[in-house]
Amino acid sequence: ITMDIKRKKLLELFKLTADAFKSEMPDCKKLDYDACLKAYALFTVAQAENCLKDKQQTESAKQLLYQNAYRFGSKLRKSLFVSTWGQTKMVFSLAYRLIGIHISFEKNGQFVVRRCYFSQFYSTEVCELISSLDEGVADGLADGANFSFTQRITQGYDCCTGCFKRR
């Protein structure tokens, strides 16, 4: 996948995240992919930390992050003609690898994240809020799935684990 496509998809993610936080996205026109990914990480931390100060604002952001990410995942599913569970997991894995998250799936619906670019920036609370994006992308990509964590790198574990199952 070319850097141009990676950057385009990252900017889409950036835009839908900014929209969910009802915030302006920083200008990334002159940033290369790596700088843009770092800007996204720092942006999400700042937005999430601000949001976490108010319970109602946090719940609203979770819903909007999920809804926007669901549309993103659904668009991915349709544009890539994803129709099987195997394809869903493969596309999810590839999409996440593009943003520095290395996820692998077990046969029983469990997943493991051994490396996550964002874990160097996120607190547990920020990670929990931002994972609404993961849930939405997974659900949209699978056209009906549950994606949830059982442990996170941001909690001090050496990997994230969780469950990804069709609804």
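Looking at Asp158 and the list (1) more than 21 Å from Phe21 (Cα to Cα); (2) open to solvent by less than 70 Å² (accessible area, probe 1.4 Å), which single condition is not satisfied?
That leaves (2) as the condition not met.
How many residues are within 19 Å of Glu125 (Cβ to Cβ) and either among the β-branched types (Val, Ile, Thr) or touching a residue at least 24 places away in the same chain (Cβ under 8 Å) (or both) when one looks only at region 17-49?
Residues that pass the stated criteria total 13.
From Leu80, Leu65, which residue is aliphatic (A, V, I, L, M) and in contact (Cβ under 8 Å) with a residue 40 or more places away in the chain?
Leu65
I'd like the residue in region 83-93 that is part of a helix (DSSP H, G or I) and free of Cβ contacts under 8 Å to residues at least 12 places away in the same chain and, out of all such residues, is most open to solvent (accessible area, probe 1.4 Å).
The selected residue is Met90.
Would you please list the contacts, defined by Cβ atoms under 9 Å and residues six or more apart or on different chains, that run from a residue in region 127-153 that is on the phi > 0 side of the Ramachandran plot to a residue that is in a helix (DSSP H, G or I) and open to solvent by 30 Å² or more (accessible area, probe 1.4 Å)?
Asp143/Arg77
Of the numbered conditions (1) at pLDDT 95 or above; (2) open to solvent by less than 50 Å² (accessible area, probe 1.4 Å); (3) farther than 25 Å from Ile5 by Cα; (4) of a type outside the set (A, V, I, L, M), Gln110 fails exactly one; give the number of that condition.
Failed condition: (2).
Where residues in region 14-34 are part of a helix (DSSP H, G or I) and modelled with pLDDT under 95, which of them is surrounded by the fewest Cβ atoms within 10 Å (Cβ to Cβ)?
Ranking the qualifying residues of region 14-34, first place goes to Asp34.
Which residue out of Ser83, Ser132, Ser123 is within 21 Å of Leu11 (Cβ to Cβ) and of a type in the set (S, T, N, Q)?
Ser132
Within region 45-57, track down each residue that is under 14 Å from Lys22 (Cβ atoms) and crowded, with 16+ Cβ neighbours inside 10 Å.
Answer for region 45-57, where residues must be under 14 Å from Lys22 (Cβ atoms) and crowded, with 16+ Cβ neighbours inside 10 Å: Gln47, Ala48, Cys51.
From the set of residues in region 1-13 that are open to solvent by 50 Å² or more (accessible area, probe 1.4 Å) and of a type outside the set (Asp, Glu), which is modelled with the lowest pLDDT?
Ile1
The values are calculated or read from the model by the stated rules, or taken from the named source; none is laboratory data. Fair warning: this is a prediction, and the values are worked out from it, not measured in the lab. With ideal geometry, Cβ positions are generated from the backbone for all residues, glycine too; neighbour counts draw on all protein chains shown. With ligands, DNA and RNA removed, areas are computed over all heavy atoms of the protein, side chains included. Shrake-Rupley method; radii C 1.70, N 1.55, O 1.52, S 1.80 Å.
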